[in-house]
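Asker: Handing you a structure now.
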Amino acid sequence: MIGPELEYYLCERDEGAATGWPPYGQAPGNVYSAGLSGAPDDHLLRTLRHLKELKVGTTAGNREFGSGQFEINLAHSATLDAADRAFRFKAPPTTTSPSARAARTSASAVPWPASNCG
């Protein structure tokens, strides 16, 4: 039995930023939180609702330490089932989905996607 804790970074488009894609929600003190303080446009709640539709067995989610860093927890299950659900979580084309384009955001499972993270 395992219960995956899947982390990702969310970046938002900003032509004025050095990289063009700074981490989402840059504000001090919004660590290990849920709700609007860590995701001002309700990103986390929308994500959890979309994952429910994908039937990946989401149990919780929160903002982690770094700006734009989020964690999604999946229910405990047999190893192969948990691996399949983790793959389904990471498989959707996050950067090309209509909601991502509308929000001008991009998600990445790559650790520390910017030099100023963490």
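Just so you know, all these numbers are worked out from the coordinates, no wet-lab data involved. For clarity, every value in this text was computed on a predicted model and none was experimentally measured. Don't worry about glycine lacking a Cβ; one is built from the backbone with ideal geometry, like all the others, and counts go over all protein chains shown.
Asker: Apply the Karplus curve 6.51 cos²θ - 1.76 cosθ + 1.60, θ = phi - 60°, to the phi angles in region 12-27 and return the couplings in whole Hz, x for Gly and Pro.
Answerer: Ordered by residue, 3J(HN,Hα) equals 10, 5, 8, 4, x, 7, 4, 8, x, 9, x, x, 5, x, 6, 7 Hz.
Asker: Which net charge results when you count Lys and Arg as +1 and Asp and Glu as -1 among the other residues whose beta-carbon is under 9 Å from that of Phe70?
Answerer: Charge balance near Phe70 sits at -2.
Asker: Follow-up question, since we're still on this one. If each residue of separation counts as 0.36 nm, what is the full-extension length gain between Lys52 and Phe65 once their alpha-carbon separation is subtracted?
Answerer: Roughly 2.2 nm would be gained on extension.
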